Structures are given as C-alpha cells and as structure tokens.
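J.: Structure below; questions to follow.
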Amino acid sequence: MSTEHPHIFYASELDRSAAWRAALATEFDSFELSTADSLVDPQTVDVALLWRIPEEGLGRFTRLRAVLSLGAGVNQIGLERIPPHVPLAKLADVTLTAQMVEYAKATVYRYHRRLHIFERHSARAHWQFELPMSASKTRIAVLGLGSIGLAVAEALRDEGFTVGAWSRHERQLDGMRTHTHASGLETLLGESDIVINLLPLTAQTRRLFDRRLFGHFSAGSKLINMGRGAHIVEADLLEALAGGRLEAATLDVFDVEPLPPAHPFWNHPAILVTPHAAGVSSPMTAIAHVAENIRRALAGKPLLNQVDIQRGY
Ligand code: GLV
C-alpha cells in the first residue's frame, strides 16, 4: 500500500462531514478530510467522497484516484464531469438497504391491507368492511435488481407475496419469476398489482413511466416509486390515476425536491408523498464499504460497486 494517510475531499448538501470524520477515524489511524471551506492543497487529494460534483469540478485534484458516491444512485453526481481515468463507485450500505426494505414492506402492506382505503373512509366516519387477502394473492413487480432491488424483492417474497422482477440482464432467483427486455416488462406489469420502481436512472430509464407504459399496467395497479423522480412523466401518472389504470401511487422521489407547495401531487386523494425519506445511508455502517474502496483506490485496484460510466450505473 502506497500510504495509509489518505486525503479525502468531501462534498454533500445532505449529510454532515463531522459524521464521516468520526466514521473514517474508526478505519484509519491517520487521514485528512477536507471540505470546500478547509481545502488547502488540492493536489494531495486521493479520493473524493461526493453526493454531487461541486461547480468547480474535479480538475484541480491532479492526484485523484477515485470518486466515491454518497448515494446508492449516481445519476445526480454529474457522470460526464468525472475525469476519464478516474473510477467511480456507488455506495452500498446495510443501513440504507435495510431502510429501503422497510419502506417497501410498509408501503406494500398499506395497499395489501387496504389501509389507503380505510384512511379515506376514516376521514369521513365511514364504516366499510374489506376482506383481508392472503399475501400470495398480491402480485408485486420489482423493477431493478441492483443491491437494493434484490433485497426488496427477496424480502417481499419471504413475506409470502407473489413477486416478479425485471432487470436489464437475465437473472435466476429462487421463488420468483424474472423478466428482461421491453416485452418482459410489459408482461410483468400486466400480471402485477403493485409495481415498485428501483431502477437506476439512465438514458434508457429516464421517463420510462409514460402514458405508453402505464397502458401495460393491469387496471387498478399501485405504483411505489423509490427510484428517481425523472423515471416518471408526472402528467402521465396523473392521467393514469384519473383513468383508473392506476388506483394509487406512493412517491418518495420527485423531479423537483422539495416538492413545490402548489404541485398537484400534494393533496391528491390517491397519492401518498414522502419526502425522499425511504432510506438514508449511515456513515458508521457505510464506512466499511467506503474504507475498502479508499484502500483499493490507493492500491490502484478495481473498486467495489464500480460504475460503468457509459452504462450509467
Ligand atoms: C438516495 O437517493 C441514494 O441514491 O442513496
């Protein structure tokens, strides 16, 4: 190893550097952590730990050996601004994954047990019995089988739901049907009651959920968007709800965040808005993955979860 004194440049609007400093101290006896305010010597930065590339770019970091994303998704980082010789890795964190699984379960159960209907009835003092169904009767589609999509699909399968999954590459998974290609997506949507989006945001998946795709949903479906806002054409989602193709939607991510107060998603009787709160990574658990990637970067080895920049994830 060339050195065990890594210099890390940190930039994020979301988390605080103090938590990362404490986490790094559990892994490295000696390290330097700089932020835009404290950075003195950009030429000595080894690794950039970022949510998004800062406006000034990365050009001044002449020794940069890796960019590590603070997000599990990397579309927001500014892929086109990563110097061509510098590898990028997305974050994998057990806390984030566990929280995403919890959110998927909570929102699926809300629909499966008709709580979204009881919430409306409750507001009108309306007593209307709905017969509970067994989990196996609820068919769930999980779109995207990255580390989070896979964990969500397996957890829901283990709860007894009938789960199908769609991914770009062919996969074999115990106890669930898997699909690939556009035709596989259309088949899966037509056979599902609840659709969970966990796709990465790429040129291929941007605005994937448009009027045409909603046309393949089975009537009265529910959509749970845990991916990115730009996966969806918002006007087409509203149209699918108005036409009954969709019965309801739970949305955690939006084109513009925070969602503007006048946005039609607020107060829509069939939409539950949550404030990009499905899962948050924790520096104290994510550090295992980040520290391993810092060591790999210093040693010139391939990173864990390295992103294929051309592919976009
Ligand atoms: C959050 O949205 C993430 O990508 O980690």
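J.: Please give the length that would be gained between Y109 and D308 if that part of the chain were fully extended, namely 0.36 nm times their separation in residues minus their C-alpha to C-alpha distance (nm, one decimal). Can you show the working numbers first?
T.: Values: separation 199, 0.36 × 199 = 71.64 nm, distance 3.51 nm.
Difference between extended and current length: 68.1 nm.
J.: Okay, moving on. Collect residues whose amide H, placed 1.01 Å from N in the peptide plane, falls under 5 Å from the amide H of R168; neighbours closer than 5 in sequence don't count.
T.: L145
J.: Okay, moving on. If I fit a long axis through the Cα atoms of helix 234-243 and take the longest principal axis of the Cα atoms of the chain, what angle between them do I get, 0 to 90°, rounded to 10?
T.: The answer is roughly 20 degrees.
J.: Among the trypsin sites (Lys or Arg not before Pro) in region 275-313, which ones are in a DSSP loop with at most 14 other Cβ atoms within 10 Å of the Cβ? Mind listing them? Don't jump to the answer; show the numbers that get you there.
T.: Values: sites: R295, R296, R311; in loops: R311.
In loop regions of region 275-313 (DSSP not H, G, I, E or B), the sparsely surrounded trypsin sites (Lys or Arg not before Pro) are R311.
J.: Positive end of the charge dipole of the chain (Lys, Arg +1 and Asp, Glu -1 on Cβ, about the Cα centre): tell me which of P87, A235, Q99 has its Cα farthest that way.
T.: A235
J.: Find which of L131, A151, V67 sits farthest along the positive direction of the dipole of region 40-170, computed with +1 on the beta-carbon of Lys and Arg, -1 on that of Asp and Glu, about the Cα centre.
T.: Value computed over the given set: L131.
J.: A further question on this structure: Working from Cα positions, state the angle (0 to 90°, nearest 10) between the long axis of helix 181-190 and the longest principal axis of the chain.
T.: 40
J.: Please report the relative contact order for the chain, taking Cα pairs under 8 Å with a sequence separation of at least 6, and give it as a percent rounded to a whole number. Walk me through the intermediate numbers first.
T.: Numbers: 572 pairs, mean separation 59.1, N = 313.
Over the chain, the number comes to 19 percent.
J.: Counting only heavy atoms of the protein chains, get the accessible area per residue of the chain (1.4 Å probe) and round it to a whole Å² value. Walk me through the numbers before you get to the answer.
T.: Details: 14860 Å² over 313 residues.
Each residue of the chain exposes 47 Å² on average to a 1.4 Å probe.
J.: Additional query: Below 8 Å, C-alpha to C-alpha, sequence gap of six or more: please give me the relative contact order for region 1-159 in percent.
T.: Numbers: 183 pairs, mean separation 25.5, N = 159.
With pairs under 8 Å counted, the relative contact order is 16 percent.
J.: Using the Karplus equation 6.51 cos²θ - 1.76 cosθ + 1.60 (θ = phi - 60°), what ³J(HN,Hα) coupling, rounded to whole Hz, does each residue of region 98-111 give in order, writing x for Gly and Pro?
T.: Result, ordered by residue: 4, 5, 5, 5, 4, 5, 4, 5, 4, 6, 5, 5, 4, 6 Hz.
J.: Please list, by residue number, every one of the GluC sites (Glu not before Pro) in region 191-244 that is coil in DSSP and has at most 16 other beta-carbon atoms within 10 Å. Can you show the working numbers first?
T.: On the way: sites: E191, E234, E239; in loops: E191.
Here the sparse-neighbourhood loop sites are E191.
J.: Search the structure for amide H atoms under 5 Å from the amide H of T162, placed 1.01 Å from N in the peptide plane, and list their residues when 5 or more places away or on another chain.
T.: Here the answer is T138, I140, since their amide H atoms fall under 5 Å of that of T162.
J.: State the Kirkwood hydrodynamic radius of region 98-250 in Å, one decimal place, computed from all pairs of distinct Cα atoms.
T.: Numbers: mean 1/r = 0.0636 Å⁻¹.
It works out to 15.7 Å.
J.: With a 1.4 Å probe and all protein chains left in place, how much of the accessible area of region 36-149 comes from carbon and sulfur atoms, in whole percent? Each step should come with its number before you reach the end.
T.: Numbers: 3250 of 5690 Å².
Taking all protein chains in place, region 36-149 shows 57 percent carbon and sulfur surface.
J.: Okay, next question. Output the antiparallel fraction of DSSP beta bridges having both residues in the chain, as a percent to the nearest 5. Please list the in-between numbers first.
T.: Details: 1 of 39 bridges.
Roughly 5 percent of the DSSP beta bridges within the chain come out antiparallel.
J.: Let me ask something additional. Taking 37 °C and 0.692 mPa s as the conditions, I'd like the Stokes-Einstein D for the chain in µm²/s, using the Kirkwood hydrodynamic radius from alpha carbon pairs.
T.: Details: Rh = 21.0 Å.
Taking Rh from Cα pairs, D becomes 157 µm²/s.
J.: Can you show me the helix-derived [θ] at 222 nm for the chain, built from DSSP H runs with n ≥ 4 at -39,500 (n - 2.57) apiece and divided by the number of residues, rounded to the nearest 500. Don't skip to the answer; put the middle values down first.
T.: Numbers: 8 runs with 89 residues, N = 313.
Calculated mean residue ellipticity at 222 nm is -8500 deg cm²/dmol.
J.: Quick check for me: using +1 on Lys/Arg Cβ and -1 on Asp/Glu Cβ, what's the dipole size of region 1-78 about its Cα centre, in debye to the nearest 20?
T.: Numbers: 6 positive and 11 negative charges, 37 e Å.
Roughly 180 debye for region 1-78.
J.: Would you check the chain for Lys pairs whose C-alpha atoms are within less than 20 Å, ignoring same-chain pairs closer than 8 in sequence, and give me the count? Intermediate values should be presented prior to the final figure.
T.: Numbers: K90/K301; K105/K137; K105/K222; K137/K222.
For the chain, the number of qualifying lysine pairs is 4.
J.: A further question follows. At a 1.4 Å probe, what is the % contribution of carbon and sulfur to the accessible area of region 153-207? Could you put the intermediate results ahead of the total?
T.: On the way: 1190 of 2690 Å².
About 44 percent, which is the carbon plus sulfur part of the accessible surface.
J.: At a probe radius of 1.4 Å, what is the per-residue accessible area of T274, in Å² to the nearest 10?
T.: About 30 Å², ignoring ligands and nucleic acids.
J.: Okay, next question. Reported to two decimal places, what Rg/Rh ratio describes region 16-81 when computed on Cα atoms with Rh from the Kirkwood expression? Don't skip to the end; give the middle numbers.
T.: On the way: Rg = 12.2 Å, Rh = 12.9 Å.
Reported Rg/Rh, Kirkwood definition of Rh: 0.95.
J.: Counting Lys and Arg as +1 and Asp and Glu as -1, each charge on the Cβ, what is the dipole of region 161-254 about the Cα centre in debye, to the nearest 20?
T.: Details: 10 positive and 11 negative charges, 51 e Å.
About 240 debye.
J.: Shifting gears a bit: Please give me, ordered by residue number, the chymotrypsin sites (Phe, Trp or Tyr not before Pro) of region 27-129 that lie in loop per DSSP and have at most 12 other Cβ atoms within 10 Å. All intermediate terms of the calculation are to be shown ahead of the outcome.
T.: Details: sites: F28, F31, W51, F61, Y103, Y109, Y111, F118, W127, F129; in loops: F28, F31, W51, F61, W127, F129.
Qualifying residues, ordered by number: W127, F129.
J.: Could you work out how far apart the two model spin labels at T62 and R206 are, taking each label as a point 7 Å from the Cα in the direction of the beta carbon, and quote it in nm?
T.: 3.5
J.: Could you give the nm distance between label points at R16 and A98, where each point is 7 Å from its Cα heading toward the beta carbon?
T.: 2.2
The values are calculated or read from the model by the stated rules, or taken from the named source; none is laboratory data. What you see is a predicted model; the values in this text were computed from it and never measured. Because the Cβ atoms are built from the backbone with ideal geometry, glycine has one as well, and the counts that use them run over all protein chains shown. For accessibility, only protein heavy atoms count, side chains too; no ligands or nucleic acids. Shrake-Rupley method; radii C 1.70, N 1.55, O 1.52, S 1.80 Å.
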